[in-house]
Amino acid sequence: MSLLNDRLDALRGPAPAKGHDARTLAALTTNPGCARRALMDAAGVDKDAIAVHLGKPRPLAKSSIALRNGAVFEQKVKADGGAELLRLLRDVLGLPLHEAAHTDLAAVGSQDASLPVRHAYTRTAVLEAARSPRSVRTLLDHPILQLTVAGHPVYLEPDVVAFQVDGVFHIIEIKSFAVLDGRADPAKVAAAVTQAAAYVIALRELFESEGLDGDNVSHDIILITPRNFSRNPTASIVDARKKIAALTRQLNRLTRIGPLLDALPPHTTFDLALDRGERPTRDAKDLTAALQTAPARYTPTCRHFCDLAYVCRSEARDEGLIDVLGSDIRDDLGGVDHISTALRLADDTRRPAPDQVDLAAALRHAHAVRTHLRESA
Amino acid sequence: MSRLSTLLRLEAAETQTAQDASLVSHFHLTERPLLFLPLNHSGTEATPLAVMLGTEPARPHLLVTPPHGRPTTLLQELADHVLTYIDSFRNTERLLAKSRKPARERHTHAPQLLVANRKSITYVERLGRALRFTEPPEDSDPAHSVGRLGQWLTFFADHAEHPGSAFLLALTDLLATRWITGQSRLEDEHLAALLAWIDPPPGTTGLHAALETENPQLPGPDGRLHRPAGPATDPSFDSLELDPLLTAYDIAAAEGNTAAIARHTDRLNDLLHTYLRPTWDDAWRALGLLRTLPEIPDAQRRWAADRDRFTAYRTYLTTDGRPQPIKDDAVSAARRLARLELAQAAFDAHRALEDPFFMAERRTTGEALAGTVTDVDARHTIPGARGPRLRPRLTLHTTDPVRLDLGHLLAGPHNPRVHLAVRAITPRGQGTDLLLEVTTLTGTVNKPRSDSVPAVGDQLELTFAPEFFSRPAFPSRENTPWTHGGPQHNHPAAALEETEKP
């Protein structure tokens, strides 16, 4: 394990590792086959910094105004030891609660607030609460959880609360998108539930590693969002069983990081070689060459969850891959990878491979229809 | 999506040049549409930061929410603009009673809202929902209130869901029907990038022009920044320009420095004008390109139906005027769903009959076919109650893939009112022989109409006849059992749904 960590550290360079977040988790479920992203996320590489250094647009740049509005909402919900949060849980979920112990795990009381230290602190607090003989009500704020991704433990840094009542833990997810007339943007809800599902799995892992019952973590997650057009919070219970099962399956199927690392040439690194002023000094061509040793699997939707989307897009375009045209086109042309291959099959200047015969016939038909259309126009 | 459009996308990608798709317009574009470009305040729901709108390219109206203020003034101004625009359509025509439709009045012209992209259509819907329950202040005219604006925005957004309606259209959709680019559909949603593909500056390819345009940090070929057209602002704009300005405004406000407050307010207006103006110009350029296309006859027919709906809704507003309910009741929802499905099928079938490109697309999806008439039996009859009825038959040979069933009714652009029923499907050689029976406009045994029957050697293109999609029967509201929503609920807006014919 330490050998694997050493190799991942070498891949990243001396910069501190980044934890998994909502976007990388979404990437895990939507594009699990991308080896480049899997390696970089396992090593905690700052992908955004790489995109900036290579002069590509940053698809995930966040609006400071939106971030502030989100933070204000979160603070409002969590203010006064979670008073508002408790009110919501009481009113909406009908829990007979009067008070709960609020523990902020971001304040670890030590100089070293690194992820491993905060994780150890979270672990102690969770286990203490779980093993306490009294049925305590506890709100754990800013926990750091650990999840095994591709055979390698990664940290999750949720801005989320784990809430324990009568021995069962619930994951509470605070999001600033509105729930309008009881409905919200399905894509945003799906992302939030995926994220929460990862926390449920991580928390269960922790329980089970200590010989406790993983079912003490509820599969129902509690979503706190603004209600309609106001900034007043509302709580909804979402059954995350499907997502938890799907994510568990994805995690089990992921290619292990070891073989992906083995496939890289020796001494490969994505280090930006920051100088004292934190400026990257890595030669851009050299970095691009290093990136290309780890195969990517680009789709246009990558921009929703991966900082490298534009880097991979220009690469895919240079190679003439059908992927740049979108997954609908790619699925329509299953079995062919390159734009030029598909076009040569269509104009009948290329002999199809045995598994391309049907597709080639359909493409030739489309080509004939197009020719007829142009001629009669 | 069809294999034909896939092929054209591949060609566009390889040649770096947008490819021609449909060469006709499927929607009526009015003489005086209202271009509506909203920008939302980041991190909030349906709270406009600014709106640029107007009916003349040279005269954009910019409405801006003051720094950290509520959009109250903006919304009232927006209501004034939009409602005055809607109110300017007053002329009506008298239509005589015809078959099942009673005589009625109909507006000769109607409002049309154009937005940059599909997300802006969703925004119109959300803004409509946010505003339509707003109570008008006392002693004010409800016909000019923010609540009425919300009702109209909801009206537009509801119709944007209705296939073929032209009340609210996204320019990126219209452009993407006319041209196919060598990028993904997701990227086609960016108006400036889409236009760059379609109409690149001289000396560059569509691909390169689009790449330059889409980077919000770099000026486009015209030397201006083409930001994402909204309704969400570009995050880097928020962080680097808007946020610092708001902070400076806060400091000035805390110090009570009125000169600085005024200056920062002016700068905010300038900033948003600079943000929106390139999109404004892009939108009018897009409209100019689209206006060169000839309209198909069905676009006029559907626009006439839209004008009927506009008239009906105006009448409703003056007689009752309650806002649309948050949720449809079960009966209205079922009717609406059935109507949308039918409208989609009829819209598609009409488009295929009136647009050669759509017909060609359908040939690659198996919903249409082209072939040669190889045999004709013009005297074929079937037994009828009062003697034999003339049902001429013909054989059509096609090499297109056939995905039809016996009994399907087909029609072709050569004469859309002549319907042909599929009677037999037989593989022959490399293709298929279809036995077709003419079922309409046949004439009688004694007086056959020969113009309805194709001749041997004719080339035909056929697809499903639009009339193949008929409206399912719904029980009247009184006869709907309570288990299905029942008669007890009776919102007047639901009555509009019932009078609606597809």
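Figures for the structure shown
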| quantity | calculated |
| --- | --- |
| Matching residues, segment B:188-218, being within 16 Å of B:Asp281 (Cβ to Cβ), of a type in the set (Val, Ile, Thr) and in contact with a Pro (Cβ under 8 Å, 6 or more places away or on another chain) | B:Thr213 |
| Matching residues, segment B:207-221, being in contact (Cβ under 8 Å) with a residue 40 or more places away in the chain and closer than 22 Å to B:Trp280 by Cβ | B:Gly220 |
| Selection within segment A:346-370 - within 15 Å of B:Leu10 (Cβ to Cβ) and either surrounded by fewer than 17 Cβ atoms within 10 Å (Cβ to Cβ) or more than 7 Å from every other protein chain (Cβ to nearest Cβ) (or both) | A:Asp347, A:Asp348, A:Thr349, A:Arg350, A:Gln356, A:Leu359, A:Ala360, A:Arg364 |
| The listed residue being surrounded by 15 or more Cβ atoms within 10 Å (Cβ to Cβ), within 29 Å of the chain's Cα centre (by Cα) and not assigned by TED's automatic domain parsing to the domain that holds B:Pro111, out of B:Leu390, B:Leu396, B:Leu353, B:Leu317 | B:Leu353 |
| Every residue from segment A:17-35 that is within 17 Å of A:Gln146 (Cα to Cα) and in a loop (DSSP other than H, G, I, E, B) | A:Ala17, A:Lys18, A:Gly19, A:Asp21 |
| Residue count for segment A:266-282, restricted to those that are closer than 30 Å to A:His338 by Cα and touching a helix residue (DSSP H, G or I) at 6+ places or on another chain (Cβ under 9 Å) | 3 |
| Enumerated strands (runs of 3 or more DSSP E) restricted to segment B:84-136, each holding at least 3 residues that are aliphatic (A, V, I, L, M) | B:113-115 |
| Extreme residue, farthest from A:His365 (Cα to Cα), among residues of segment B:373-402 that are of a type in the set (S, T, N, Q) and more than 13 Å from every other protein chain (Cβ to nearest Cβ) | B:Thr381 |
| Residue list for segment A:321-345, filter: closer than 18 Å to B:Gln16 by Cβ, facing chain B (nearest Cβ under 8 Å) and either in contact with a Lys or Arg (Cβ under 8 Å, 6 or more places away or on another chain) or surrounded by fewer than 18 Cβ atoms within 10 Å (Cβ to Cβ) (or both) | A:Ile322, A:Val324, A:Leu325, A:Gly326, A:Ile329, A:Ser340 |
| Some residue of segment B:181-193 being surrounded by fewer than 23 Cβ atoms within 10 Å (Cβ to Cβ), within 14 Å of chain A (Cβ to nearest Cβ), among the hydrophobic types (A, V, I, L, M, F, W, C) and touching a strand residue (DSSP E or B) at 6+ places or on another chain (Cβ under 8 Å) | no |
| Of all residues making up segment B:219-248, the number that are part of a helix (DSSP H, G or I), within 20 Å of B:Gly69 (Cβ to Cβ) and within 13 Å of chain A (Cβ to nearest Cβ) | 9 |
| Yes/no for B:Gly203 being at pLDDT 85 or above, surrounded by fewer than 18 Cβ atoms within 10 Å (Cβ to Cβ) and small (Gly, Ala, Ser) | yes |
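For (1) within 14 Å of another protein chain (Cβ to nearest Cβ); (2) under 23 Å from B:Thr181 (Cα atoms); (3) part of a loop (DSSP other than H, G, I, E, B), each residue gets a yes or a no:
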{"position": "A:Leu223", "(1), (2), (3)": "no, no, no"}
{"position": "A:Arg231", "(1), (2), (3)": "yes, no, yes"}
{"position": "A:Lys242", "(1), (2), (3)": "no, no, no"}
{"position": "A:Leu247", "(1), (2), (3)": "no, no, no"}
{"position": "A:Gln250", "(1), (2), (3)": "no, no, no"}
{"position": "A:Pro265", "(1), (2), (3)": "no, no, yes"}
{"position": "A:Ala289", "(1), (2), (3)": "no, no, no"}
{"position": "A:Asp307", "(1), (2), (3)": "yes, no, yes"}
{"position": "A:Arg313", "(1), (2), (3)": "yes, yes, no"}
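The values are calculated or read from the model by the stated rules, or taken from the named source; none is laboratory data. Keep in mind the model is a prediction, meaning the values are calculated, not measured. Neighbour counts run over all protein chains shown; Cβ positions are idealised from the backbone, glycine included.
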